[in-house]
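Visitor: One structure, pasted below without further comment.
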Amino acid sequence: MNAPRVLVVDDDDDIRGLVVELLQRAGLDVDQANDGRAGLRAFHQAPPDLVLLDVSMPGLDGWQTLERIRDLSDVPVMMLTARGAELERVRGLQAGADDYMVKPFGRQELVARVQALLRRARSSGEERQETYADERITIDFAQRAVRYDGREVPLTPLEFKLLSVFVRHPRQVLSREQLLELVWGDAYGVSGDQVKLYVGYLRRKLDPDQPDRVPIETVRGFGYRYQASRKG
């Protein structure tokens, strides 16, 4: 079995070299690029299983590169940045990034979070269920298409994964820790507040006018539960 392929895109030679070395030591196959345009060329030439993408780069920056990657693929993307403000992290996650690490980062944590993203992507690819439908929601997993009350709903990759976990565990109370494991791949280094944040995003995407009507119930002190309504 081939090792997972990771693409590292960063204009800082020292940081890029360190990340490449850490991932190679962890047994991963690593490609690298020193800017966004070179990163996209590498992405086309040898599609990776995961991308580590610096935010601040000359020319095509990380946000623009991420946008082009998302036009092509839902491959996991981890953003790397020197800016740790909450709004910056939220911007990255809403733009379709799967994780976000602030420089300087811990070496072991970086490797652990890369491996967690790869595990999550692998387990998602092994899912065999093709479609889901209840009275309100219809999902085509292969096309990643969602309809809510008959209306098409565009979701980011993380929002789609969160909704998929809910509908695959109907009427089951899922704790924040369980959701971190099932959606983010690992609870390591990820705040439980991420779950609350994304449940809110998901409710507003599904029903912008009345997000409280969305059948994702908050079970105070425990977590969340999807109250599926049967078709027919």
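Visitor: Would you check the chain for Lys pairs whose C-alpha atoms are within less than 26 Å, ignoring same-chain pairs closer than 8 in sequence, and give me the count?
Guide: The number of close lysine pairs in the chain is 6.
Visitor: Helix-derived [θ] at 222 nm for the chain: sum -39500 (n - 2.57) over DSSP H runs of at least 4, divide by residue count, nearest 500?
Guide: Computed ellipticity for the chain at 222 nm equals -12000 deg cm²/dmol.
Visitor: Stretch Arg83-Ser175 to full length: gain in nm at 0.36 nm per residue minus the Cα-Cα span?
Guide: Gain in length upon complete extension: 30.1 nm.
Visitor: So, R0 is 41 Å and r is the distance between the beta-carbons of Ser229 and Glu109; what FRET efficiency does that work out to, to 0.05?
Guide: Taking R0 as 41 Å, the efficiency between Ser229 and Glu109 is 0.50.
Read-outs throughout are calculated quantities, based only on the coordinates presented, and are distinct from any laboratory measurement. Note that this is a predicted model, so its numbers are computed, not measured. Because the Cβ atoms are built from the backbone with ideal geometry, glycine has one as well, and the counts that use them run over all protein chains shown.
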